[in-house]
Amino acid sequence: MGTRTKRTYNLSPEAVAHVRDLADRAGPARSQDGIVEMAIERLYREVREHEESSQWARASEDPAFQAEMKELTATYRDLESWPAE
């Protein structure tokens, strides 16, 4: 297990009750710390995925990106696998 850092956060009574309830259930996180870590990791992943999705959406509207994708498609159209063997 990695290094741990003790932190104090002010949470609503409802949030504290949810953390305790989840920690008491059988599951992958069996401590309150584990529940909080899992929640943070899940939120962090969701935020990153949303940012990446937004970047792809912007790229799809970018004429330079569209031109590059057309060029790559034309270049590798006839290859069954990439890189060519």
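None of the figures in this text is laboratory data; all of them are computed from the coordinates on show. What you see is a predicted model; the values in this text were computed from it and never measured. Every residue, glycine as well, gets a Cβ built from its backbone with ideal geometry; the counts of neighbours run over all protein chains shown.
Summary of computed values
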{"quantity": "Rounded to 10°, Cα long-axis angle of helix 63-76 versus longest principal axis of the chain", "calculated": "70 degrees"}
{"quantity": "MRE, 222 nm, helices only [DSSP H, n ≥ 4, -39500 (n - 2.57), over the chain, to nearest 500]", "calculated": "-22000 deg cm²/dmol"}
{"quantity": "Choice from ALA64, ALA74, ALA23 showing the highest fluctuation, given a GNM over the chain with Cα pairs closer than 10 Å", "calculated": "ALA74"}
{"quantity": "For region 20-85: rounded, prolate or oblate by the Cα gyration tensor [a/c cutoff 1.5]", "calculated": "oblate"}
{"quantity": "Between 0 and 90°, nearest 10: helix 32-60 axis offset from the chain longest Cα axis", "calculated": "20 degrees"}
{"quantity": "Helix 13-24 axis, angle to the chain major axis (alpha carbon atoms, nearest 10°)", "calculated": "90 degrees"}
{"quantity": "Label-point separation in nm, ARG4 to ALA59, each point 7 Å along Cα→Cβ", "calculated": "4.0 nm"}
{"quantity": "Exposed trypsin sites (Lys or Arg not before Pro) absent - longest run of the chain, DSSP non-H/G/I/E/B, at most 11 other C-beta within 10 Å", "calculated": "26-76"}
